[in-house]
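Here is the structure we will look at, set down as structure tokens.
Every read-out reported here was derived from the displayed coordinates using simple, explicitly stated rules and does not represent laboratory data. Keep in mind it's a predicted model, so treat the numbers as computed, not measured. Backbone-built Cβ (ideal geometry, glycine too); neighbour counts: all protein chains shown.
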Amino acid sequence: MSDYYEREDLKKFADIGKDAPELAHKFFDYYAAVFAEGELSAREKALIALGVAHAVQCPYCIEAYTTSCLEKGSNLGEMTEAVHVANAIRGGASLVHGVQMRKLAEKVSL
Amino acid sequence: MKDTLHNSFELRLTREGVSLKRDQAHTLQINTGLLCDLKCRHCHLSAGPGRKEVMSLQTMEQVIAYAKRNRFATIDITGGAPELVPHIEHLIGNLAPSTDRLMLRTNLTALSQPDKTHLLELFREHRVILIASFPSTNEGQLAAQRGDGVMDPSLKMLQKLNDVGYGIEGSGLELDLVANPSGAFMPTDQEAAERKFKHDLARKWNLHFNSLFIFANMPLGRFADWLEQSENFDAYMEKLHSGFNSCTLDGLMCRTLVSVAWDGNLYDCDFNQAAHIPLGGKPTHISEFEGLPERGTAIAVGEHCFACTAGSGFT
């Protein structure tokens, strides 16, 4: 193994069911249901997935949902904005904890 | 890699136990030439400003005579940019009485040229259905596909078309848009894309149109060159192969189409023109062709045909 992340590995995702097939089936059925057209369109769900993929920094998910977004008709502007949404929430989550820092610091400070 | 995959479409048909045969032809598609003001990177014909191949007046007369002999429900004028072809007014004026639906493909920018303003009035007069290329509502992606500075004149021309009634409900003037994916990926679902384009164009620019058609990019011409250069060719062909859907065969346009090139030679479709695969497998000129291609005869196919049969297909 030359790298932890190899592009071709995504195609082997189904192998995860080899020693726990029931759990894998439940997961993949659920996954398919989540991404089916519902109150949100499949295109909107792919954009959310793209944002989350960046938040969790999964290279497989980033590739899969970049392609999915393009093939579902999203343009690069929308996709870039989705990544900014993920970034804003990630950055905001860090920053808002600054309130804890300030609270704790104030408690022990004169 | 292109050669190793040659003829695999025919093999696939055989393996699936299906065939691609002609039905009654009802559409005449006329390619008026490869001259274009744009040099789109997805163009299967490699059309552009430097191209000299345009339909002569003599060939136009032969096409007009053929259309009179065989009344087609639809006549579809394409290019290149038909607006730039000398005597295009003559072709349009003489074809209009021979069909119920006369369509013309426009890239919007050629129609914007100062000496082409009279064409808009001609289109209105003959109720020509305009099929306009507008592949993306994103300026960067549109520029990547069609060239820098194309968005602004395209939007202005769409506005002008709306102003004279094109694309406006109840006007009787039909304006449809055509979008291709801006790269080596599959096209989106047409209905969903139409809803989104209508919403985006109205919201961003207060522009309107009737229908949107989404087509897969053909692995031919300039697009094939780009696929090779960018090392996307194999992956793209794999996508097209894996998306093969035999249910699309019945609705393929080549079954009901006669395609005539700028020089008068006949093909099963515009893509076969680009691939140089003549109608019936041998070169035939429109001046020597009296009627319609016979029903039940085989359609010439090539590797590019996978682009018409992937997913929900290209009708």
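Relative contact order for chain B: 25 percent, from Cα pairs under 8 Å spaced at least 6 residues apart, divided by residue count.
Tell me what chain B gives for mean residue ellipticity at 222 nm when only DSSP H runs of n ≥ 4 count, each as -39,500 (n - 2.57), the sum divided by the residue total, rounded to 500 deg cm²/dmol.
After summing the helix terms and dividing by the residues of chain B, the value is -9500 deg cm²/dmol.
Semi-axes of the equivalent ellipsoid of segment B:22-132 are 22, 16, 13 Å, computed as sqrt(5λ) over the eigenvalues of the C-alpha gyration tensor in descending order. Each label was represented as a point 7 Å from its Cα along the Cα-to-Cβ direction; for residue A:44 and residue B:117 these points are 4.5 nm apart. Placing unit charges on each Cβ (+1 for Lys and Arg, -1 for Asp and Glu) gives chain B a dipole about its Cα centre, and among B:172, B:128, B:17 the Cα reaching farthest toward its positive end belongs to B:172. A simple charge model with +1 on the Cβ of Lys and Arg, -1 on the Cβ of Asp and Glu and nothing else charged puts the dipole of segment A:14-108 at about 560 debye relative to its Cα centre.
Residues of segment B:189-219 falling in the label zone of residue B:159, defined by backbone nitrogen less than 13 Å from a point 7 Å along Cα to beta-carbon, are B:204-208. Counted by neighbouring Cβ atoms within 10 Å, the residues B:194, B:139 run from fewest to most as B:139, B:194.
Counting only Cβ charges, +1 for Lys and Arg and -1 for Asp and Glu, the dipole size of chain B around its Cα centre is about 260 debye.
A full extension of the chain between residue B:211 and residue B:231 corresponds to an added length of 3.8 nm, given 0.36 nm per residue minus the alpha carbon distance. Taking trypsin sites (Lys or Arg not before Pro) across segment A:1-37, the ones in a DSSP loop with at most 12 further Cβ atoms lying within 10 angstrom of their Cβ are A:18. Mean per-residue shielding of peptide A:63-73 is 4, counting Cβ atoms of other chains within 10 Å of each Cβ. Cys residues of the protein assembly as shown that find no other Cys beta carbon under 4.7 Å: A:69, B:36, B:247, B:305, B:308.
Near the amide H of residue B:56, within less than 5 Å, lie no amide hydrogens of residues on another chain or at least 5 residues away, with H placed in the peptide plane. As a proxy for reagent exposure, ranking A:25, A:54 by other Cβ atoms within 10 Å from fewest up yields A:25, A:54.
Throw me the Rg/Rh for segment B:1-86, computed over C-alpha atoms with Kirkwood Rh, two decimals. Rounded to two decimals, Rg/Rh equals 1.10. Based on C-alpha pairs under 8 angstrom that are at least 6 apart in sequence, segment A:14-108 has a relative contact order of 22 percent. Helical runs (DSSP H, four residues minimum) scored at -39500 (n - 2.57) apiece and divided by the length of chain A put the mean residue ellipticity at 222 nm at -22000 deg cm²/dmol.
For a paramagnetic label modelled on residue B:171 (point 7 Å from Cα along Cα→Cβ), amide N atoms under 14 Å away belong, within segment B:98-139, to B:120-132.
Each semi-axis of the equivalent ellipsoid for segment B:172-299 is √(5λ) with λ an eigenvalue of the Cα gyration tensor; in descending order they amount to 30, 22, 15 Å. Exceedance of the 27 Å cut-off in Cα-Cα distance is limited, within the set B:52/B:282; A:45/B:198; A:45/B:204; A:45/B:239; B:52/B:196, to B:52/B:196. For the protein assembly as shown, the average shadow cast by the Cα convex hull is 28.8 nm², which is a quarter of the hull's surface.
Sorted largest first, the spans of the alpha carbon positions of segment B:96-150 along the three principal axes are 41, 24, 13 Å. Near residue B:129, once Lys and Arg are set to +1 and Asp and Glu to -1 for all other residues with Cβ below 11 Å from its Cβ, the sum equals -1. Each principal axis of the Cα cloud of chain B was evaluated for its coordinate range; sorted largest first, these ranges are 52, 44, 37 Å.
Here the Kirkwood formula, the inverse mean of 1/r across different C-alpha pairs, assigns segment A:14-108 a hydrodynamic radius of 15.6 Å. Of the cross-linked pairs B:39/B:156; A:18/A:72; B:39/B:116, those separated by over 23 Å at the C-alpha level are A:18/A:72.
Taking only the Cα atoms of segment B:151-229, the radius of gyration and Dmax are 14.7, 47 Å.
Along segment B:82-88 the Karplus relation, 6.51 cos²θ - 1.76 cosθ + 1.60 evaluated at θ = phi - 60°, assigns HN-Hα couplings of x, 4, 8, 7, x, 6, 4 Hz to successive residues, with x for each Gly and Pro. Look at the stretch B:177-188: the mean tally of other chain Cβ atoms within 10 Å of its residues' Cβ atoms is 3. For segment A:1-102, GluC sites (Glu not before Pro) are listed when DSSP marks them as loop and at most 10 other Cβ atoms sit within 10 Å of their Cβ; the list is A:39.
For segment B:159-170, putting each phi into the Karplus relation 6.51 cos²θ - 1.76 cosθ + 1.60 with θ = phi - 60° gives couplings of 4, 5, 5, 4, 4, 8, x, 5, x, 9, 3, x Hz, in residue order, rounded to whole numbers and with x for Gly and Pro. The slack between residue A:87 and residue A:3, meaning 0.36 nm per residue of separation minus the straight C-alpha distance, is 27.6 nm.
Listed values for segment B:134-150 are Karplus-derived 3J(HN,Hα) couplings in whole Hz (6.51 cos²θ - 1.76 cosθ + 1.60, θ = phi - 60°), namely 8, x, 7, 8, 9, 4, x, 5, 5, 5, 4, 8, 10, x, 5, x, 8, and x replaces Gly and Pro. Among B:104, B:120, B:158, a tally of other beta-carbon atoms within 10 Å of each Cβ gives an order, fewest to most, of B:120, B:158, B:104. Note on residue A:96/residue A:19: beta-carbon distance plugged into 1/(1 + (r/R0)^6) with R0 of 56 Å gives a FRET efficiency of 0.85.
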